[in-house]
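One structure is given below, encoded as structure tokens.
The values are calculated or read from the model by the stated rules, or taken from the named source; none is laboratory data. Predicted model only: the values in this text are computed from it and were never measured. Glycine gets a Cβ as well: all are built from the backbone with ideal geometry, and neighbour counts include every protein chain shown.
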Amino acid sequence: MNGTPPGSNVYHLPAAILMAAEPAPRPLSRARRLRNLWWHLRLTLSALRAVLIRPRPLAHDAVYLDGAAEMIERRHPRPLKPAVVIDFAMARDRLRAALEA
């Protein structure tokens, strides 16, 4: 065993340079705080009204909620047909013939 330690992979970053502290932002005015409060209240009441007033399913409709997917009218699937195979060599030949003519 060799007495020398292996190469270190630890890197030391230089100490952070302290910058001058930025001044604290000015507190909001009373009018600005009231306007913010007003909009928060409006949006909260709007969300609550949307939740409380939304239509609820009737009791007899609750039986059909499990099978709701079957009640939706589905589009008819496209009829199956064989895939269209594009023959690029034949298409090139037709294009050359059209350009020569």
Scanning segment 18-43 residue by residue, those of a type outside the set (A, V, I, L, M, F, W, C) and exposed (fewer than 10 other Cβ atoms within 10 Å of the Cβ) turn out to be Glu22, Pro23, Pro25, Arg26, Pro27, Ser29, Arg30
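Please return the ranges of helices (runs of 4 or more DSSP H) entirely within the chain where 3 or more residues are modelled with pLDDT of 90 or more.
Details: elements: 30-53, 68-71, 88-100.
Filter on the chain gives 30-53, 88-100.
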